[in-house]
Every structure is written in structure tokens, then in C-alpha cells.
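Have a look at the structure below before the remarks.
Just so it is clear, none of the values below were taken in a lab; they were calculated from the coordinates. Computed from a predicted model, the values in this text were never measured in an experiment. In this analysis, Cβ positions are derived from the backbone assuming ideal geometry, glycine residues included, and neighbour counts consider all displayed protein chains.
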Amino acid sequence: MVVALGCLVAAVVWGRSARRLRRAWLRIDDSSEGDAVVLARSAFRKEAHTALLYSLLAASLGITSVRTLYGIPLLALALPVFISLRYGPRFLHEARLAEERSLLERRAEEVLSQDELAPRRWAARLAPEELPDVAGFEVGRVYSAGTGLMAGDFYDLYRTSPTRLAAVIGDVSGHGIEASITAFQVKYLLRVFLRQYRDPAQALEELNRQMAEQGRGEEFVSLAAVVFDEDAGTLRYASAGHPPAWLWHDREVRPLRATGPLLTLDPDAAYISREVPLQLGDLILLYTDGLAEARSGEQLFGEDRIAAMLRRDPGVEADVLCKSLIEAARDFADTQLPDDVAILAIRRI
């Protein structure tokens, strides 16, 4: 009976170890079927098998209460009992370590998952998939992430008054979290200034002063701002070193080029704006430099191809035009587009 009690104690020790290993196994993502899953499952089964064996042995000895079991001396049965009692604490310690390790691995996976989501969350703020519906205008947009983790391309669309609509697109030099933070600041500061000043050139001058005062001389920002005035029937445009926008007006495609230098280059830089008539059916196409700089060998996709696609089918829906442009650039390039690309098209309807 004493040996039966010893076997029962051993069964409890091994059972506790098996329970910890089972918790460790279940915490591991079983869908991956990696080494950690296989090892944890194997260790659990080994411990569970041993616990079951001692449980059966304890039950058999307790029931029979005999000095031998199937001819096996009780002294031989006492040996594994002694081993379990002697090394049981070590087994429990190892099982506890395995459980803690699996917990740390799960937390590490969660952190990595958050790191992977961060660029997408930033991109959703800088270049949202959904833009507001604006009466009297048809809007298309595309954002394509490059090979970097995070970048500084952005666009924006909002009313500055009941009859004035602002469209903005920009690109901060560099990649990473710093470029994204700067893009975020530029985007939302410009919202304030475009509501404060009717002329987008004045808004750019104020934005440039504000950014220069923050000491961001190592980060350059290209930006184009367009203000549609429905009452006046005009479009007013200002650009800080941004690639040319293309305007479909009066049955022709014309470029709207930069009207001042990149932001933060010179805190006292001057910007001008240009105003053109706005008719029903007119469309303006804005994009960041990643589109024109798509490369096939030594050849660039280029501004002329962009203008040619607009000229070929100026009546195409704005959203279809944006998607066609990004697909054409991808087909042209011999590798994945390395830089982020943002495209924004607005048509007066």
C-alpha cells in the first residue's frame, strides 16, 4: 500500500507537469506547425503518458495490496517512484519555463503584428481609401505603398467654404516614421491655412514659415494645392516644387508646373498662384513623383506618358483613370515600384 501511495504521488507530480506543458502548447499558434508546436506537443504527450502509467500502477497496487505485481518485485517498482520524487521538482520547473517561454513568444508575435499594422494605419491617415463625396465633383484616388516600411506621400480633399473645394497632394523626402510624422503635420496644418487664406500661395508661404521654424531643414516637402471656386467658376493652383499637375481643359491637356520652391528650403520663399477658368467636364490630375519615376532599366515612365494617358481618354471616370495609371506604371517597371505613389483626380461635373 505504501508503494501504491508513492505511485499516486508520482502520478500527481507528472500530471502537474503535463498540465503546464499543455497550457504552453495551446498558447502557441497551432496553425504554423513550427518546431515550437511539435516540441511542446511531444513534451505534453510524454508527461501525460507517464502520469497515466503511474495512475494505473497506483490503482493496481491499491486494489491488489499484494507484495508483487505480475511477478515484478516491489523494490523494482519503487525505483521509478524514487526517481519521480527526486526529480519531480526539476520536471515542474522545466515545465514552468516552457510555459513562460511560450507566453513570451506569443507576446512577441503580438508586438510584431502591431509593427506590421503601423505602416498601414499611418497610410490610412495620410492617404485614406475613402474620400468625402462632394456634390458637383467626381473624385478618383489611388495610393500604392512602395518597398519601404513607411513613407510621406499624402493627399487630402475638403471644403474650405460652402462653395470652395480644396485638393492637396504632397510628398515628404525620405522614408520611415519621421517622414510620416512630417507628412501628417503638413497635411493638417495646411487645412488650417487654406481655410484662413483664399489664395493657396499665401497658405503655402505660411506653411513654409511654420515648418522652417521647427528646424526641419533636412526634410524637404513637395506639395500642390488646388482650390476650386464654384461661384467664380475658377481653379486656383499653387505648387511647392511638386511634379506638374495635368489639366484637361478646353479639349487639351496642359501642365500646371511648380510656382515656388520645395517647402523648408528657404523660410522666406515666395509662392505665386495661377488661376484658370473651370468648366463642366474639366479634370485635374495630381500625383507624387513615384509615378513618373517608375523605372524600366534606364528609362523612366515619365510625365509625357502620364499626359498621354489623360489625352487618350479624357472622359474616362476619375477613379478608372487613377487605377489605369498605377497599373500602367507597374507594367512598365521591371521591378516592384520602390517608392510610394499617390494619385488624385478631380473632375467638375
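Tabulated results
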{"item": "Sites SER161 and GLU252 - FRET efficiency at Förster radius 30 Å, r taken between beta-carbons, to 0.05", "result": "0.50"}
{"item": "Region 193-347 - charge dipole about Cα centre, Lys and Arg +1 at Cβ, Asp and Glu -1, debye rounded to 20", "result": "300"}
{"item": "Where only C-alpha atoms are counted, convex hull volume of region 196-349 per residue in Å³", "result": "116"}
{"item": "In region 129-209, the GluC sites (Glu not before Pro) that fall in loop regions by DSSP, at most 13 other Cβ within 10 Å", "result": "GLU129, GLU130"}
